[in-house]
């Protein structure tokens, strides 16, 4: 059976699979946290001006143009409020996930945030963009991270030991 047995649902030897779980959850935490932090800080110009390599918005004005297009079905004052909340939440969740602090809270919050973003994208432009940009996948990954019973290599883990 060898390698196949370790991954087969009826396999009796789950130890081999479980030994990778700490590294996989750390990878997921870093990937999600880094993504949220990168996008949140991009709106504040941290990665350079609009038009620079790897910069989506580069400043608040360009981000608000996108947010207004995306949430055009809402009154203008609400768009500004939701844009500020989303940006603050992305930065907060990114920092918390990278630090492994309040991981479950950050994972659930970021999952909800990404899901709301995906639905908003679908309402304003159809399902193509949220699927093409894997927004539903990011939301699902965040929710999956929230189900992990114990966060290895995290601030949560260090605080729990004290």
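For segment 154-162, the criterion of being within 26 Å of residue 19 (Cα to Cα), touching a helix residue (DSSP H, G or I) at 6+ places or on another chain (Cβ under 9 Å) and assigned to a loop (DSSP other than H, G, I, E, B) is satisfied by at least one residue. Considering segment 16-30, the residues that are in a helix (DSSP H, G or I) and out of contact with any helix residue (DSSP H, G or I) (no Cβ under 8 Å at 6 or more places or on another chain) include one that is farthest from residue 96 (Cα to Cα), namely 18.
Residue 108 - would you say it is assigned to a helix (DSSP H, G or I) and under 23 Å from residue 57 (Cα atoms)? The answer is no for residue 108. Scan segment 43-73 for residues that are assigned to a helix (DSSP H, G or I) and touching a helix residue (DSSP H, G or I) at 6+ places or on another chain (Cβ under 8 Å) and the total you get is 6. When residues in segment 114-153 are screened for being part of a helix (DSSP H, G or I) and in contact (Cβ under 8 Å) with a residue 60 or more places away in the chain, 5 of them pass. When you check residue 127 against the structure, is it out of contact with any helix residue (DSSP H, G or I) (no Cβ under 7 Å at 6 or more places or on another chain) and within 30 Å of residue 24 (Cβ to Cβ), yes or no? When the stated conditions are applied, residue 127 passes them. Of the residues 41, 97, the single one that is over 18 Å from residue 139 (Cβ atoms) and either out of contact with any strand residue (DSSP E or B) (no Cβ under 7 Å at 6 or more places or on another chain) or at pLDDT 95 or above (or both) is 41.
When you scan segment 98-112, do you find a residue that is free of Cβ contacts under 8 Å to residues at least 12 places away in the same chain, closer than 20 Å to residue 72 by Cβ and surrounded by fewer than 19 Cβ atoms within 10 Å (Cβ to Cβ), even just one? Checking segment 98-112: not a single residue is free of Cβ contacts under 8 Å to residues at least 12 places away in the same chain, closer than 20 Å to residue 72 by Cβ and surrounded by fewer than 19 Cβ atoms within 10 Å (Cβ to Cβ).
The values are calculated or read from the model by the stated rules, or taken from the named source; none is laboratory data. Keep in mind it's a predicted model, so treat the numbers as computed, not measured. Positions of Cβ are generated from backbone atoms using ideal geometry, with glycine treated the same way; all protein chains shown enter the neighbour counts.
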